[in-house]
């Protein structure tokens, strides 16, 4: 009777009130089978502390597990354990945790949020797995994981673990707003990842060493500056590279004055003679080591005999076997593999860590007339030393050839390439010049012009056989540094004019460039009084004379 009363009070059981698979009888005596599901272990949604417990019967052995794929050691501050995962991340230097109100330049360290009991089940502190107590759950109950260390200041910046977004700037992973790198901040073709994990490919051009006397090549990364500047070469009122200029400039190309002076004297720009030192000898006397009246023992042209120079000149020297610039200073192949003029210059500086006595200024491999000569000469920078067989950086032999840049004009000067008549030196095959360049005697493939220097002209051009060049395959004479119109960098060579040689000689070419065996080099300029002759330059004494164009003399090219 008590049973009936309980049944009447509580209501009859239906299938969902009885465990699945279990038989029971209704109040009418009908046999039924229960459908109440047996609960199983539950894993919550990734990143959620709250795990929903599905409807069913749980016997006290099942669990609800909270999970988060970002729950990793590197995302948690070292010394902190969150849900059993011990952190390994350390605060980045300069981003320490705040320890006082009002402190700046620190990472927020607000107090924890203590675990608050919920209407359903809350796990133990630090546990992602929560035991579901025995009993029946109607599907609206939850199991909540909790950890007192689950705070923003203990989690890597911008990483969210169980819905808490971190603020800790961990070492090696720091990122400040406004300081994130973009493609333009990364060297060209190098790759890096931003804070969001996006792969960036750099676009910042690596331009190597900046040559201060050259035209600015454009925005990019520069690893240094090769030109050592001095105040007398900078216009007064102008600061360059930390140097305040002292030169009086009136525009145009700056030249050193040609007043005779001692070899190591301070040199002034050409404009100084017409301004600062103009007028009375008494009012503006010249410095003691400068003079208006030549001294016979000092003020010469720098030439004594073949290969011998005046004491007033400190020339570029080379040993007879080509291995040294001077005793104890190796002469090395340089710039052979570089693809820009500036990179070639920088490599020659790098390869020649031991400097000869005439390389006075640091930061570049150059000869400067300011300190190495006596009459207004300029500076020359080594562009490349090239050999057919030797690798870049190897000590040279007699096969090595050089290319130098006249820093005043910016033109490149080759070594002497060979000896030939004027027609092939200049690349001339004029049909009207029947006795010389229009003849197969001096142009064997006429009307095609064989040429040592120029590659393009009014007639079809080809390389001279003696040069061993193959323009089509970018094979150029080592005396040109292996460079030509089809190479990278591209150089347009030509036979120098009379004006080129005048300027180069004034700038000190005879003291820098390797000389021809017979000291005579062809000039592109024709003699006006008799056109069967062309001008030629004496690379020892600096004079110019006229020679029949059929004669064989040295060929040196100039270009850029």
- Query: From the residues in the stretch 18-57 that are in contact with a helix residue (DSSP H, G or I) (Cβ under 8 Å, 6 or more places away or on another chain) and modelled with pLDDT of 80 or more, which one is nearest to residue 142 (Cα to Cα)?
  - Reply: 36
- Message: Taking the conditions exactly as written (part of a loop (DSSP other than H, G, I, E, B) and in contact with a strand residue (DSSP E or B) (Cβ under 6 Å, 6 or more places away or on another chain)), does residue 315 satisfy them or not?
- Response: yes
- Task: Test residue 393 against the stated conditions and say whether it is crowded, with 21+ Cβ neighbours inside 10 Å, touching a helix residue (DSSP H, G or I) at 6+ places or on another chain (Cβ under 6 Å) and not assigned by TED's automatic domain parsing to the domain that holds residue 267.
- Result: no
- Task: Can you work out which of the residues in the stretch 396-406 that are in contact with a helix residue (DSSP H, G or I) (Cβ under 8 Å, 6 or more places away or on another chain) and not in a strand (DSSP E or B) is farthest from residue 367 (Cα to Cα)?
- Result: 399
- Matching entry among 246, 271, 226 (being surrounded by 13 or more Cβ atoms within 10 Å (Cβ to Cβ) and at pLDDT 70 or above): 271
- Note on the structure: In the stretch 476-490, residues that are in contact (Cβ under 8 Å) with a residue 60 or more places away in the chain, surrounded by 22 or more Cβ atoms within 10 Å (Cβ to Cβ) and either outside the structural domain of residue 452 (by TED's automatic domain parsing) or more than 23 Å from residue 317 (Cα to Cα) (or both) total 1
- Note on the structure: residue 439 meets each of (1) surrounded by 13 or more Cβ atoms within 10 Å (Cβ to Cβ); (2) touching a helix residue (DSSP H, G or I) at 6+ places or on another chain (Cβ under 7 Å); (3) not in a strand (DSSP E or B) with one exception, condition (2)
- Message: Contact list please: Cβ distance under 8 Å, first residue in the stretch 109-134 and farther than 15 Å from residue 62 by Cα, second residue modelled with pLDDT under 50 and part of a loop (DSSP other than H, G, I, E, B), pairs at least six apart or on different chains.
- Response: 125/115
- Item | First in the stretch 166-186 and over 29 Å from residue 218 (Cα atoms) and in the same structural domain as residue 89 (by TED's automatic domain parsing), second anywhere and in a loop (DSSP other than H, G, I, E, B) and modelled with pLDDT under 55, Cβ under 6 Å, 6 or more apart | 167/108; 169/95
- Task: Could you please find all residues in the stretch 445-458 being buried (at least 16 other Cβ atoms within 10 Å of the Cβ) and either in a loop (DSSP other than H, G, I, E, B) or outside the structural domain of residue 552 (by TED's automatic domain parsing) (or both)?
- Result: 446, 452, 453, 454, 455
- Kindly indicate which of 533, 547, 540 is in contact with a strand residue (DSSP E or B) (Cβ under 9 Å, 6 or more places away or on another chain), without any contact (Cβ under 8 Å) to a residue 24 or more places away in the chain and surrounded by fewer than 23 Cβ atoms within 10 Å (Cβ to Cβ). 533
- Task: Just give me the residues in the stretch 318-338 being closer than 19 Å to residue 390 by Cβ and part of a loop (DSSP other than H, G, I, E, B), in sequence order.
- Result: 318, 319, 320, 321, 322, 323, 331, 333, 335, 336, 337, 338
- Task: Could you look through the stretch 339-348, keep only residues that are in a helix (DSSP H, G or I) and under 16 Å from the mean Cα position of the chain (by Cα), and pick out the one that is surrounded by the fewest Cβ atoms within 10 Å (Cβ to Cβ)?
- Result: 343
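The values are calculated or read from the model by the stated rules, or taken from the named source; none is laboratory data. In this text, all values refer to a predicted model and were calculated from it rather than measured experimentally. Using ideal geometry, Cβ is built from the backbone for each residue, glycine included, and neighbour counts are taken over all protein chains shown.
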